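One structure is given here, and the rest of the page talks about it.
The values are calculated or read from the model by the stated rules, or taken from the named source; none is laboratory data. The structure presented is a predicted model; accordingly, all values stated were derived computationally and were not measured. Here Cβ is always computed from backbone atoms with ideal geometry, including for glycine, and neighbour counts include all displayed protein chains. Just so you know, the surface numbers come from the protein's heavy atoms only, side chains and all, with ligands and any DNA or RNA stripped out. Shrake-Rupley method; radii C 1.70, N 1.55, O 1.52, S 1.80 Å.
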Amino acid sequence: MSKLRRIDVKAGFQCNNRCRFCVQGDKRSQFPDKTTVEVKALLTAGRRDADELVLTGGEITIRDDLPELVRHARDLGFRVIQLQTNGRMLSHRPFVERLQAAGVTEFGPAIHGPTAAIHDELTRSPGSFRQTVKGVRQVKRLGLPVIVNSVIVQANVPHLPELARLLVALEVDQFQLAFVHALGSAAESFATIVPRLSEVGPQVTRALAIGLRAGVRCMTEAIPLCFLPGMEELAAEAIIPRTKIFDADQVIDDYTEFRLQEGKAKGPMCPQCRYNAECEGPWREYPEHFGWDEFEPVTRRDDG
Ligand code: SF4
């Protein structure tokens, strides 16, 4: 077994949502979904490198062959089989039961706001909030772990603490607040989608405090440590498993290396920062648009 622990298989890009910030952009019209045979072949090949699997898209739950793919992964011996999903289909109990029987070990639905008004406006899919929340309850009732991902964009920044309260009330096992990556649709709508990190930091810190107080495992992604005073240890980058990604037409052998070499950037002040070694910096598109003025290197232990 290599140092990799996880593979992430993107089976296709069709989706029943149309999120305003979708990092996959218009891949759904550019790339046909992979066939059952093709996905099974990727799972078989990937199992040589890893024993954790994330199956995703696009929207993985709208594939008719999903239970068959999950069974194949289980038979290959994947220890973790996580479905990353917008969560809408999880509102159908028999569907979730079939996936559980096939071998799914955890679900990763996405909730992007504490209300239908905010979430549905972002997904551009009326009714999606109600379905995803019902789906989370469904999965919890069946006793499987729920790991919620929420993408931080301009529209939900003021509501992150309220979102955290909702996730605590839903008794999710973990939630992750991920700063939007300005690719795909988010890049096209950069001016109305991407918030300023200096405004995000305080709201994320409040939201994390709510999760921590309730005993819920919570973390951030793609937020540099200088915007997380007192919460630096909740940055997910330190614990994200080494992952190989099977994307539309390319394979990223090690996503951690990809983030460090190509995805993220460091600024001129970072060498003075005590977190320079452990912090990945922001997605590079952020300083390309906004520059580095907001970034204050942390120079003493008590700066945070
Ligand atoms: S100043 Fe640079 S190294 Fe320090 S936390 Fe901010 S982005 Fe990371």
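Scoring residue 244 on the criteria (1) under 30 Å from residue 13 (Cα atoms); (2) out of contact with any strand residue (DSSP E or B) (no Cβ under 8 Å at 6 or more places or on another chain); (3) away from the ligand (no atom under 12 Å from the Cβ) leaves a single failure, condition (2). Has region 252-261 got at least one residue that is in a strand (DSSP E or B) and either open to solvent by less than 80 Å² (accessible area, probe 1.4 Å) or closer than 26 Å to residue 56 by Cα (or both)? Yes, there is a match, as at least one residue in region 252-261 is in a strand (DSSP E or B) and either open to solvent by less than 80 Å² (accessible area, probe 1.4 Å) or closer than 26 Å to residue 56 by Cα (or both).
Taken together, the residues in region 33-46 that are out of contact with any Gly (no Cβ under 7 Å at 6 or more places or on another chain) and open to solvent by 10 Å² or more (accessible area, probe 1.4 Å) amount to 9.
Just to be sure before I move on: is residue 104 assigned to a loop (DSSP other than H, G, I, E, B) and in contact (Cβ under 8 Å) with a residue 24 or more places away in the chain in the structure I sent? Against the criterion (assigned to a loop (DSSP other than H, G, I, E, B) and in contact (Cβ under 8 Å) with a residue 24 or more places away in the chain), residue 104 qualifies.
Checking 242, 300 one by one, the residue that is modelled with pLDDT under 95, charged (D, E, K, R), touching a Leu at 6+ places or on another chain (Cβ under 8 Å) and open to solvent by 20 Å² or more (accessible area, probe 1.4 Å) is 242 and no other.
Which ranges mark the strands (runs of 3 or more DSSP E) fully within region 114-233 that have 2 or more residues being touching a helix residue (DSSP H, G or I) at 6+ places or on another chain (Cβ under 7 Å), open to solvent by 10 Å² or more (accessible area, probe 1.4 Å) and at pLDDT 95 or above? Fully inside region 114-233 and qualifying: 174-179, 217-221. Take the conditions (1) closer than 13 Å to residue 246 by Cα; (2) surrounded by 19 or more Cβ atoms within 10 Å (Cβ to Cβ); residue 61 misses just one of them, which is (1).
When restricted to residues that are in contact with a Gly (Cβ under 8 Å, 6 or more places away or on another chain) and either farther than 15 Å from residue 201 by Cβ or more than 9 Å from the ligand (Cβ to nearest atom) (or both), region 293-304 contains 1.
For region 266-284, taking the residues that are part of a loop (DSSP other than H, G, I, E, B) and more than 9 Å from the ligand (Cβ to nearest atom), the one that is most open to solvent (accessible area, probe 1.4 Å) is identified as 268.
For residue 287, the criteria (1) surrounded by 15 or more Cβ atoms within 10 Å (Cβ to Cβ); (2) in a loop (DSSP other than H, G, I, E, B); (3) within 10 Å of the ligand (Cβ to nearest atom) hold in every case but one, which is (2).
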